[in-house]
Amino acid sequence: MGNMLGLAPLGALPRRGARREELLPNPGSFDELHRLCKDVFPVQMEGVKFIVNKVLSSHFQVTHTVHMSALGLSGYHLHAAFVGDQQLSSTEVFPTVVGDMDSSGSLNAQVLLLVAERLRAKAVFQTQQAKFLTWQFDGEYRGDDYTATLTLGNPDLIGESVIMVAHFLQSLTQRLVLGGELVYHRRPGEEGAILTLAGKYSALHWVATLNVGSGGAHASYYHRANEQVQVGVEFEANTRLQDTTFSFGYHLTLPQANMVFRGLVDSNWCVAAVLEKKMPPLPVTLALGAFLNHWRNRFHCGFSITVG
């Protein structure tokens, strides 16, 4: 006789626990939580800049920058970068050595190494002429669904001073990331720590991020309306300085005109705008920026030419 009740055979029944759980993504670095919103805002420009990028090989690149300023110091910068063969993504290549030196002899340098498959190390050095200002060492471990980072800033065993920063991020779902930051500083006669909690929720077209701690709060919202329009909203509150800032920025891309426009308005009565224009087939990019602070009655503008 056939199966009169229409029941499926035992072998066709789904087994308990047979459903495959989706792996959670790695949450990335703590410093990149607000990156999408920050990239929408224009970068301040002042004076005139002439930049020349030269690729010497597949591993080595140099950049020459001449800056003429009416407010700050004018000068020349030499930027050199070396990248290795270990490429994990389009933006991550190891080892990487980056250095920037100005006409006064001051140096900013970074070294990034891939110690193991999941362990990364970074060293940062900053000098002002012949005097060391900053030396910082980072170690970052990236698991399948979490990231842990430890940073030592200006460690001085003789002077008994150090700045230690610990970060941890954990992916709870495909969209939700929670974590925290602990900053500890010590020097003769002073010692303290600041704890900050962080959360990030990523949807299909928007990302919301929040940092809250005893030092203040930092919230951002990024929304991608379409392929051409992106907007960002940022709120920052500092309890020590008793200062609060609200900013709104937008990013407009015009691919047919090879143009990118960024704008910004904040609660300090500041208005900013930067227009970038590429000039194909020439490897030249022109940028024009203007910044106006109505509250302090300050205005400055900038212009740059980038070759390469």
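Scan segment 116-143 residue by residue and report those that are open to solvent by less than 60 Å² (accessible area, probe 1.4 Å) and either among the hydrophobic types (A, V, I, L, M, F, W, C) or not in a loop (DSSP other than H, G, I, E, B) (or both).
Ala116, Arg120, Ala121, Ala123, Val124, Thr127, Thr134, Gln136, Asp138, Gly139, Glu140, Arg142
Conditions (1) without any contact (Cβ under 8 Å) to a residue 24 or more places away in the chain; (2) farther than 20 Å from Glu32 by Cα, marked per residue:
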{"position": "Tyr222", "(1), (2)": "no, no"}
{"position": "Val231", "(1), (2)": "no, no"}
{"position": "Ala237", "(1), (2)": "yes, no"}
{"position": "Asp243", "(1), (2)": "yes, yes"}
{"position": "Asn258", "(1), (2)": "yes, yes"}
{"position": "Gly263", "(1), (2)": "no, yes"}
{"position": "Cys270", "(1), (2)": "no, yes"}
{"position": "Pro280", "(1), (2)": "yes, yes"}
{"position": "Pro283", "(1), (2)": "no, yes"}
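Table: residues versus (1) under 18 Å from the mean Cα position of the chain (by Cα); (2) in a strand (DSSP E or B).
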| position | (1), (2) |
| --- | --- |
| Ser220 | yes, yes |
| Gly232 | yes, yes |
| Ala237 | no, yes |
| Arg240 | no, no |
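Every residue, every condition in (1) under 23 Å from Ala70 (Cβ atoms); (2) open to solvent by 60 Å² or more (accessible area, probe 1.4 Å), yes or no:
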| residue | (1), (2) |
| --- | --- |
| Asn238 | no, no |
| Leu241 | no, yes |
| Leu254 | no, yes |
| Gly263 | no, no |
| Val271 | yes, yes |
| Pro280 | no, yes |
| Gly289 | yes, no |
| Phe299 | yes, yes |
| Phe303 | yes, yes |
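Listed here are the residues, each with its yes/no results for (1) more than 30 Å from Gly289 (Cα to Cα); (2) among the aromatic types (Phe, Trp, Tyr); (3) open to solvent by less than 70 Å² (accessible area, probe 1.4 Å); (4) modelled with pLDDT of 95 or more.
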site	(1), (2), (3), (4)
Pro27	yes, no, yes, yes
Asp31	no, no, no, no
Met45	no, no, yes, no
Ser58	yes, no, no, no
His79	no, no, yes, yes
Asp85	yes, no, no, no
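Taking interchain pairs and intrachain pairs at least six residues apart, which have beta carbon atoms under 9 angstrom, with the first residue in segment 90-101 and under 20 Å from Thr127 (Cβ atoms) and of a type in the set (Gly, Ala, Ser) and the second modelled with pLDDT of 95 or more and open to solvent by less than 40 Å² (accessible area, probe 1.4 Å)?
The qualifying pairs are Gly99/Ala80; Gly99/Ala81; Gly99/Ala109.
Quick one: Ser103 ticks every box in (1) open to solvent by 80 Å² or more (accessible area, probe 1.4 Å); (2) among the hydroxyl-bearing types (Ser, Thr, Tyr); (3) over 30 Å from Gln61 (Cβ atoms) except a single one, so which number is it?
Here Ser103 clears every test but (3).
Identify all residues within segment 41-62 that are in contact (Cβ under 8 Å) with a residue 40 or more places away in the chain and β-branched (Val, Ile, Thr); write none if there are none.
Val43, Val48, Ile51, Val52, Val55
Could you list all residues from segment 154-181 that are open to solvent by less than 30 Å² (accessible area, probe 1.4 Å) and modelled with pLDDT of 95 or more?
Val165, His167, Leu169, Ser171, Val177, Gly179, Gly180
The values are calculated or read from the model by the stated rules, or taken from the named source; none is laboratory data. Computed from a predicted structure; not experimentally measured. Note that each Cβ is placed from the backbone with ideal geometry, even for glycine, and that neighbours are counted across all protein chains shown. Ligands, DNA and RNA are stripped out before the accessible areas are found, and what is left, the full protein with its side chains, is counted by its heavy atoms. Shrake-Rupley method; radii C 1.70, N 1.55, O 1.52, S 1.80 Å.
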